[in-house]
Each structure stands twice: as structure tokens, then as C-alpha cells.
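Novice: Below is one structure. I have some questions about it.
The values are calculated or read from the model by the stated rules, or taken from the named source; none is laboratory data. Computed from a predicted model, the values in this text were never measured in an experiment. As a convention, Cβ positions derive from the backbone with ideal geometry for all residues, glycine included, and neighbour counts pool all protein chains shown.
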Amino acid sequence: MHRRGSKERTKRELIINEWRRLGSPSVGEHELDQIHGAIGERFGKAAVDSPAAIARLLADEGAELRHPEVIEFDARWREMKIESGEFAGDDEVVAVKPLTLKQAETLIRKLERLRGTFGPTSDHSRLRELKDSAISARQAALSLAKHRQLEAVRRVEQAEIAQWLLVWLQTPDLFDAWLELRRRSPDFRKKFLTKKSS
């Protein structure tokens, strides 16, 4: 267990050092791709984290993120992993296409089921991976909510989904009760129940 932790610290150091080697620039697709290559070379392809996870780590170190690039690169990376069958675990829950409200609810329930399988003595990195999946799905929904080529109804739906994911991330134990109240709210009814619900 201790050895795994030290490997993670070394990988973290590698990510930060590679970013600094690149001149500590703002972070987008090119920089993340370079860092992916360095991790794969040092630890093997299986050790490469998602672009969004690496970007969050670098943001904590003070990096300025080029958000649209990060989100698009992360979505393409995950889609490629899913298509190649490499995602056999928790990351399969991450959306690479716009979710409907029904799909978002299914996703959050799956995240919650997986969270429930982690006992108090479980590896914290597994829980972090699960949260990273939810954060990535939320970032994708936020990006789609601002995407002008998406019809207005779908943009509103994506903003709603981003809110659901935020509530689950902040207070997972209260999500079911919150969702029930949210669905009864006049705002929700006006936005989603006057049209055919997804």
C-alpha cells in the first residue's frame, strides 16, 4: 500500500515537472498530450490519467487552463478508450455525448451505487477516480450548455444536468431528496414538463 502511494506521488511530480519543462504554459490539448506521453513512457499506458484529472492537478499548482480545449481533448480521449474497450471500470460512466435528463439520473445513480461499494477502509484513490468521472461529466454538460450550435432546449437541459452533478458531488447522501424537491419546483416544471420529458 505504501509503495503505491509513493508511485502516485512520483507520477504527480512527473506531471508537474513535465508542465514546468514545457515552460509552465497555460494548459490545453498540446500540453496534456505531452504529459500523457511522459507518463506512458515512465509508468506505462495503463497509468495515464484522464486529461481532465491532469488538468485539475495542474490547476491546483497554478496553471491557467484553456477549458474548451481541455474538455474537448478529455471527451475525445474517453471516447477513444471506450471504443477500444479499455474502460471496463468506473470510467465507463463518463458521458462523451450530451445526456438527457433520464440518462443523467441513471448516471448519478450508478455513481452512487459505486460510491456505496467503497467501505471506510477502501482506497481513497478509487473514490477520487469516481469523483473525477462526475466532474468530467459535469464539465462536458457545462460546455454543452454554452455551445451555440446546440438547440436552446438542449442547452437548458445540459445546464440542469450540470447542476444535478454538482449537487451529487457536494452532498451525495442528500441527492435523492433534493432531486425529488427539484422536480416539484415551478422552475423545473416550466422548463421541462411543458415539453416532452427526456
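Novice: Applying the selection to segment 161-198, what residues are among the hydroxyl-bearing types (S, T, Y) and at pLDDT 90 or above?
Specialist: Going residue by residue through segment 161-198, those that are among the hydroxyl-bearing types (S, T, Y) are 171, 185, 194, 197-198.
Matches in segment 161-198: T171, S185.
Novice: For R189, state whether it is surrounded by 17 or more Cβ atoms within 10 Å (Cβ to Cβ), in a helix (DSSP H, G or I) and either more than 14 Å from the chain's Cα centre (by Cα) or assigned by TED's automatic domain parsing to the domain that holds S50 (or both).
Specialist: no
Novice: In segment 68-83, is there at least one residue being surrounded by fewer than 18 Cβ atoms within 10 Å (Cβ to Cβ) and at pLDDT 85 or above?
Specialist: For segment 68-83, residues surrounded by fewer than 18 Cβ atoms within 10 Å (Cβ to Cβ) and at pLDDT 85 or above: absent.
Novice: List the pairs whose first member sits in segment 49-62 and is within 14 Å of K11 (Cα to Cα) and not assigned by TED's automatic domain parsing to the domain that holds N17, whose second member is modelled with pLDDT of 85 or more and buried (at least 19 other Cβ atoms within 10 Å of the Cβ), and whose Cβ atoms are under 9 Å apart, counting only residues at least 6 apart or on separate chains?
Specialist: Hits for this filter: zero, empty list.
Novice: Can I ask one more? For segment 147-191, how many residues are out of contact with any helix residue (DSSP H, G or I) (no Cβ under 7 Å at 6 or more places or on another chain) and more than 27 Å from L130 (Cβ to Cβ)?
Specialist: Final tally of qualifying residues: 11.
Novice: Okay, moving on. Which ones in segment 149-171 are charged (D, E, K, R) and not in a helix (DSSP H, G or I)?
Specialist: Passing the criteria: only E151.
Novice: Just name the residue that is surrounded by the most Cβ atoms within 10 Å (Cβ to Cβ) out of those in segment 29-51 that are under 18 Å from E61 (Cα atoms) and at pLDDT below 90.
Specialist: P51
Novice: Next question, about the same structure. Please find, among L174, L181, L111, the residue that is in a helix (DSSP H, G or I), surrounded by 15 or more Cβ atoms within 10 Å (Cβ to Cβ) and out of contact with any Cys (no Cβ under 8 Å at 6 or more places or on another chain).
Specialist: Going through L174, L181, L111 in turn, just one is in a helix (DSSP H, G or I), surrounded by 15 or more Cβ atoms within 10 Å (Cβ to Cβ) and out of contact with any Cys (no Cβ under 8 Å at 6 or more places or on another chain): L111.
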